[in-house]
Amino acid sequence: MLGAGSIVPTSDRFCTAAYLEAGEARILVDCGPGTLEKMRRMGISPHNVDAVFLTHYHLDHVSDLLPLIKLRAYTPTGEPQRSPKTLNIIGPSGLTELLNHLIHSNKFFEYLESLMNYRKYTALTTVEEGREYEICGLKFSSVPVTHSYGVAYKFWDGRCSVVFSGDTAPDRRLIEFARGADILIHECSFPSDLLIGQHTGERELALIVAEARPRLVVVTHLYPAWSGAEHQIVRAIEEAYKCRVIVGRDLMEIRI
């Protein structure tokens, strides 16, 4: 868990990113501010990442994407890379438009195309609901959720299934999508009494977990309102459904 927080930093959390290793696959889910630095601190090489999965295109989930693209044009020791490893960039509708705005329509960043030819070593995939995909032996699919044209992802390899909610308000589609998953990584941005925007609080999350019935819940995307009160999330979930609950924090490693 590289980043388990929001755009507002706390001592334990800042923005959103997760790194998943499964068999030969090495993937990022979201790529918010500080992702590359947290990878460095955890000894994870960004040169080895096979794919970046973006749940939606808000700043706190994508701002390290362009640095990652630029970094891949260099070797780990800083020399120009003759043949960069392909970086797969996967996201919901609007992915091509996002990169066009960030790079091609931006005179300050267009050198990523004109000088570095980033398109030679990146591959874009816009996910479609109901379709199964595979990368490096890891299967995945997606479903739309209630948050700024976002999606949730499910990954499975025959041994374990993991669902990432991304940012979302409670959504029946996500509950069905996550039903029976081994691991549900779900946002809980604010306490339910303070809930704003298209997000989820602890009471709403408890109901989601009770229906989806995962083996493990990892809670993420916590705003500072939760600092010192994280136990309330655990209690709400455990009262609704008995399963293991972990409240995420930055640089946390979970082995399955």
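Overview of results
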{"quantity": "Condition met for Pro214 (of a type outside the set (S, T, N, Q), touching a helix residue (DSSP H, G or I) at 6+ places or on another chain (Cβ under 9 Å) and either more than 21 Å from Gly91 (Cα to Cα) or in contact (Cβ under 8 Å) with a residue 40 or more places away in the chain (or both))", "calculated": "yes"}
{"quantity": "Residue in the stretch 232-242 that is surrounded by fewer than 21 Cβ atoms within 10 Å (Cβ to Cβ), aliphatic (A, V, I, L, M) and over 24 Å from Cys15 (Cβ atoms) present", "calculated": "yes"}
{"quantity": "Test: Ile208 is out of contact with any Cys (no Cβ under 9 Å at 6 or more places or on another chain), under 18 Å from Tyr153 (Cβ atoms) and part of a helix (DSSP H, G or I)", "calculated": "yes"}
{"quantity": "Number of the condition not met by Asp193 [criteria: (1) among the acidic types (Asp, Glu); (2) closer than 20 Å to Ala51 by Cβ; (3) in contact with a Gly (Cβ under 8 Å, 6 or more places away or on another chain); (4) free of Cβ contacts under 8 Å to residues at least 12 places away in the same chain]", "calculated": "(2)"}
{"quantity": "Selection within the stretch 131-157 - under 20 Å from Glu204 (Cα atoms), modelled with pLDDT of 95 or more and either assigned to a loop (DSSP other than H, G, I, E, B) or hydrophobic (A, V, I, L, M, F, W, C) (or both)", "calculated": "Val143, Val145, His147, Gly150, Val151, Ala152"}
{"quantity": "Considering residues of the stretch 29-70 that are in contact with a strand residue (DSSP E or B) (Cβ under 8 Å, 6 or more places away or on another chain), of a type in the set (Gly, Ala, Ser) and under 20 Å from Leu124 (Cβ atoms) only, the residue surrounded by the most Cβ atoms within 10 Å (Cβ to Cβ)", "calculated": "Gly32"}
{"quantity": "Hey, Arg40 over 14 Å from the mean Cα position of the chain (by Cα) and either free of Cβ contacts under 8 Å to residues at least 24 places away in the same chain or assigned to a helix (DSSP H, G or I) (or both) or not", "calculated": "yes"}
{"quantity": "Inter-residue pairs, beta-carbon under 8 Å, first in a loop (DSSP other than H, G, I, E, B) and in the stretch 8-21, second acidic (Asp, Glu), 6+ apart", "calculated": "Asp12/Asp250; Arg13/Asp250; Phe14/Asp250; Cys15/Asp60"}
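The values are calculated or read from the model by the stated rules, or taken from the named source; none is laboratory data. Everything numeric in this text was worked out from a predicted model, so none of it was measured. Methodologically, a virtual Cβ is constructed for each residue, glycine included, from the backbone with ideal geometry; neighbour enumeration extends over all protein chains shown.
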